[in-house]
1. If you take all C-alpha pairs in the stretch 25-151, what percent of them are over 27 Å apart?
2. Just to confirm the number: angle between the C-alpha axis of helix 203-218 and the first principal axis of the chain, 0 to 90 degrees, nearest 10?
3. Can you sort LYS158, LYS201 by how many other beta carbons sit within 10 Å, fewest first?
4. On a straight-distance basis, which lysines could pair with LYS242 in a cross-link, Cα separation under 29 angstrom, same-chain partners fewer than 8 positions away excluded?
5. If you find the alpha carbon centre of the stretch 188-206 and of the stretch 151-180, how far apart are they in angstrom?
6. Need one number: the % of Cα-Cα pairs in the chain sitting beyond the 31 Å mark.
7. Got a sec to turn the phi values of the stretch 22-28 into Karplus ³J(HN,Hα) couplings, 6.51 cos²θ - 1.76 cosθ + 1.60 with θ = phi - 60°, whole Hz, x for Gly and Pro?
8. In a shell of Cβ-Cβ distance under 11 Å around VAL88, excluding VAL88 itself, what net charge do Lys and Arg (+1) and Asp and Glu (-1) give?
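Readers should treat all values here as calculations from the given coordinates under stated rules, not as data from a laboratory. Computed from a predicted structure; not experimentally measured. So basically every Cβ, Gly included, is an ideal-geometry build from the backbone, and we count neighbours across all protein chains shown.
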Amino acid sequence: MEFKNLIYEQENGLGIITLNRPKAFNALNEDLTFELGELASVLNGNQDLRVLIITGGSRVFAAGADIIGMMNASVMDAYRQVVIGHRVFDRLENLQFPTIAAINGPCLGGGCELSMCCDFRIAGEGAVFGLPEVSLGIIPGCGGTQRLAKLIGQARAKEMIYLCDTIKASKALEYGLVNKVVADELVMEEAKAFAVRLIQKPGVALRFAKEAVNCGVQYDFSSGKGMELSRFSMAFSTEDQKEGMKAFAEKRKAQYKNK
């Protein structure tokens, strides 16, 4: 598939989506969001894809939504836009394989919300994070109020959202918003190295683990436990479970087939 606002590459089980609106600092307009949703749907059925990295390049991840395009929106226009945004971001969050946001520069508003849809966030030292929507007379509209609070806690999330504070990568690491901070020029290298470690794990077990964790976070503890029970049991129907336990008993490295 060809896209106007995205670049997609894939090799050896690793896919990379690069946001491609450099003149607009990768602002998430309706077209880019739609393309993300379309690509996510295609990739979720890609049996050769094991890990996905989402990046904005070496200068900026995404500097929020396209404010100019939203200025004169009606209530129904705004509602329609965020319904689409929720649908796309939920689709990204629930992809069947692990996802990594590789973040350089500004990661603000809709860009920050996009990064929080990923399982992991690796940031450059110069990255900055924030949800500045309240300063524009609105609020985060694509899951930011919910995902941020679950990632860093209510008090810190409210402080960032109410005061429109931006935080540096070091503070984001302290808060638990990102998993790792490295030199700016090493972000993609680190993300790829992290992806390689994930690719070496059995893919079905990773998918089951992700489904169980996401279920508990998105719904409630009881639902999460139910999903865990289901996926734990189902894992015993896979070839990788047999191989993994046999390799453990034989004190050798497992050879997974992702089946």
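1. Summing the P(r) tail past 27 Å for the stretch 25-151 gives 14 percent.
2. With rounding to tens, the tilt is 50 degrees.
3. So the ranking, lowest neighbour count to highest, is LYS158, LYS201.
4. LYS192, LYS201, LYS210, LYS225, LYS251, LYS253, LYS257, LYS259
5. 26
6. 26
7. x, 5, 9, 6, 6, 4, 8
8. -4
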